[in-house]
Amino acid sequence: MKTVNTILLGTLIAITLACGYSKPSGSGTSNMPAISNLNPTSATAGDPAFTLTVTGTHFASKATVNWNGAAQQTTPGMSGQLTIAVPASAVATSGTVQITVTNPATSSGGIYGGGTSAQTSGPMTFTIN
């Protein structure tokens, strides 16, 4: 019986190693979205509606720009660029707004899970004078 248990244990270890489990790609910070530039960088209180372009790196195809934490309807542009339409009501009064980008969570689709969790960039400040 001891020999059978040893063989079964060895077989289970071999199968486990053969599965090739590894940490899901993109789970580290190397794929974290990062904002490098806003255009424009500021507005004047009472300005009309405008388009804000967010430039950066590691933006997923379905990344979302957040205006003070609220997800906005986001349009992908050239590589590394996202745009949102900012209504006049959003810049009616002076203050600062935190702009971030969120890459959505992904699923590996396998029976063992995997994929990545949603990742949000550090904030960049947009000023309303």
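The values are calculated or read from the model by the stated rules, or taken from the named source; none is laboratory data. Just so it is clear, the model here is predicted, and its values are computed rather than measured. All Cβ positions, glycine included, derive from the backbone under ideal geometry; neighbour counts span all protein chains shown.
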Study note, to complete from the structure: Heads up, the strands (runs of 3 or more DSSP E) in segment 53-129 (entirely inside) with at least 1 residues that are in contact with a Ser or Thr (Cβ under 7 Å, 6 or more places away or on another chain), without any contact (Cβ under 8 Å) to a residue 12 or more places away in the chain and surrounded by 14 or more Cβ atoms within 10 Å (Cβ to Cβ) are 74-76
Review point. Taking the condition at pLDDT 95 or above and of a type in the set (Val, Ile, Thr), does Thr74 pass?
Key: yes
Check your understanding: When you scan segment 38-52, how many residues do you find that are surrounded by fewer than 14 Cβ atoms within 10 Å (Cβ to Cβ) and over 24 Å from the mean Cα position of the chain (by Cα)?
Key -> 5
Review point. With Val97, Val86 as the choices, which residue is at pLDDT 95 or above, more than 15 Å from Ile35 (Cα to Cα) and touching a Phe, Trp or Tyr at 6+ places or on another chain (Cβ under 6 Å)?
Key: Val86
